[in-house]
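A short worksheet on the structure shown next.
The numbers here are math on the coordinates, done by the rules we state, and not lab data. Just so we're clear, the structure is a prediction, and the values are computed from it rather than from any experiment. As a convention, Cβ positions derive from the backbone with ideal geometry for all residues, glycine included, and neighbour counts pool all protein chains shown.
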Amino acid sequence: MTLYEFLGTVEISFIFGIVALGAFLSFRVLDFPDLTVEGSFPLGAAITAVMIVNFGWNPWPATGVGILAGFLAGLITAFLNVRYNILHILAGILVSIALYSINLRIMGGPNKPLLGAPTMFTLFERPGIPSYIINPIFLGCVVVVLKLALDCFLATGIGTAMRAAGANPVMAAANGINVGKMKLLGIGLANALTAFAGALFAQLFGAADAYMGIGVVIIGLASVIVGMAIFPAKTIMQATLACLAGAMLYRFAVALALNSDFLGLQASDVQVVTAVLVMLTLISRSRGGLGRLLTRKPAR
């Protein structure tokens, strides 16, 4: 792996680390399997790209609008679950399907190029310093700020109530916590983080695409699972750090697998690599662990 490929993998790791933080909030904190992210990821990218290209907005407030749109998408999913008792997975699928058509309508087509347009990354461009060095530094700073902000939020009264609502909704409700409102806020924030990641992804690679959300929920969940399996966490700060580490390990595992000539894999095989990696991680967390599974004596 060359230096350019290494730094490129770090860039992607940081972006999907933000997705992992959102997945941690929905899957781990609220115990809410949310599939809306498959639509909110390209939604953040689409709105940001259109605001920059079509309306000439500064990329920073344009990204903010994309984040707000992601929050509203998550809010709708949680509302369908809380208000109408629609199963959380089904609610996420319904909103994600709707967002596919909405994203096409927003962009006026399947994609929206950003080539030559100003982005959040152009502010940090410096003569003589290549972008593949500046961009990972900027993204790393963004991820650290978001991680610390999420840690601080989950330590507040509202954050503690949200954690209680996810851990034991019946007990939380008995203690006066409005579980429904906690779901609305938490799923909204999770999709806001995912939309932010989508906006960064589009600005980094120069285009927003309606299909860019395919597999995002698996990537986020894989990052959380891998991180939690390798770095068991007892506190929120450790858990969010484990999610970011899991995103990093996951992306490097995929990159190494795709770059291994003896495996004969291609870029289109990334979903297979993801599935295998997640399965192996889940096996390692099951009874006996992966090591014992591999060394188990055959039954007599």
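Descriptive notes on the structure:
- (i) 159; (ii) 116; (iii) 140, with the label sought being that of the calculated volume of the Cα convex hull per residue in Å³: (i)
- Membrane-span-like helices in the chain (whole DSSP H runs, Cα extent of at least 18 Å along the helix axis, mean Kyte-Doolittle hydropathy of at least -1.0): 3-23, 37-53, 59-84, 88-107, 131-155, 179-205, 216-230, 236-259, 270-285.
- Taking the average, over residues, of other Cβ atoms within 10 Å as the packing measure, peptides 30-41, 246-257 rank 30-41, 246-257 from highest down.
- As a rough footprinting exposure proxy, the listed residues K183, K112, K147, K234 were ranked by other beta carbons within 10 Å of their own, and the order from fewest upward is K234, K147, K112, K183.
- Gained length - L280 relative to L115, 0.36 nm times residue gap less alpha-carbon distance: 55.5 nm
- Rounded to 0.05, the FRET efficiency of the F6 and A155 pair, given R0 = 30 Å and the Cβ-Cβ distance, is 0.30.
- Contact order, relative form, for the chain: 32 percent (alpha carbon pairs under 8 Å, 6 or more residues apart, mean separation divided by residue count).
- Packing-based order for 94-106, 192-204, 270-282, using average beta carbon neighbours within 10 Å, highest first: 192-204, 94-106, 270-282
- As a rough guide to protection, the peptides 213-225, 16-28 ranked by mean Cβ packing within 10 Å, highest first, stand as 16-28, 213-225.
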